[in-house]
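Comments concern the structure below.
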Amino acid sequence: MPRRWRFKSRESGFEIVSELWLYPELDWSHIVGDLDTDDGDEQLAAVVDCVRRRNPSAWQHDRVPILWSVEGTEGIGEFAPYVRPRGETIDFLTFFTWPTDAATGKSLDWFRDLEVKNDRFPAFAKALGWKPAPLTATAPLKSIWLSRNHEPPE
């Protein structure tokens, strides 16, 4: 049975009980939503090409930034705490209190208690074949790509 978390809206005080999970989005992977293909390998190739062109430093250093969101069954969708995107000053805890386990009352550990679900673009996620640990700052996309194509590390 999925774990449910209890927290309150900071604005209204309304209590919410919801499943929560972390969603990782690699830098430039949002372009998958604009592609006219359901083929995950083509989506992965397009993201790799985009990262190589638009963020060559991240590609070269094998550290593609990951944008993390907290999502939930009750329409929750906010930036995750501890890893805000550049310049952002808001996250889940700006809008909600610290979640506690609805069954036990234990406080949530952001780095241990939430499942990572790469569910926005399932074909891309399957082709990527890699899931980060919670709140990992970067993805080794270059290494993943080289390994996938049977190329040795540079």
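Data overview
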| read-out | value |
| --- | --- |
| Unmet criterion (only one of (1) over 18 Å from the mean Cα position of the chain (by Cα); (2) under 19 Å from Arg120 (Cα atoms); (3) among the hydrophobic types (A, V, I, L, M, F, W, C)) for Phe7 | (2) |
| Any hit, segment 16-35, residues being surrounded by fewer than 16 Cβ atoms within 10 Å (Cβ to Cβ), of a type in the set (A, V, I, L, M) and assigned to a loop (DSSP other than H, G, I, E, B) | yes |
| Enumeration of residues in segment 79-132 that are open to solvent by less than 80 Å² (accessible area, probe 1.4 Å) and of a type in the set (A, V, I, L, M) | Ala80, Val83, Ile90, Leu93, Ala102, Leu108, Leu114, Val116, Ala123, Ala125, Ala127, Leu128 |
| Segment 59-72, subset in contact (Cβ under 8 Å) with a residue 24 or more places away in the chain and more than 14 Å from Leu22 (Cβ to Cβ), residue most open to solvent (accessible area, probe 1.4 Å) | Arg63 |
| Yes/no for Ile144 being open to solvent by less than 40 Å² (accessible area, probe 1.4 Å), at pLDDT 95 or above, within 22 Å of Leu35 (Cα to Cα) and not in a helix (DSSP H, G or I) | no |
| Subset of segment 36-71 [over 14 Å from Trp145 (Cβ atoms) and assigned to a strand (DSSP E or B)] | Pro65, Ile66, Leu67, Trp68, Ser69, Val70, Glu71 |
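The values are calculated or read from the model by the stated rules, or taken from the named source; none is laboratory data. These numbers were taken from a predicted model, which means no experiment stands behind them. Ideal geometry is used to build each Cβ from the backbone, glycine not excepted, and the neighbour counts take in all protein chains shown. Note: accessible area is taken over every heavy atom of the protein model, side chains too, but ligands, DNA and RNA are not part of it. Shrake-Rupley method; radii C 1.70, N 1.55, O 1.52, S 1.80 Å.
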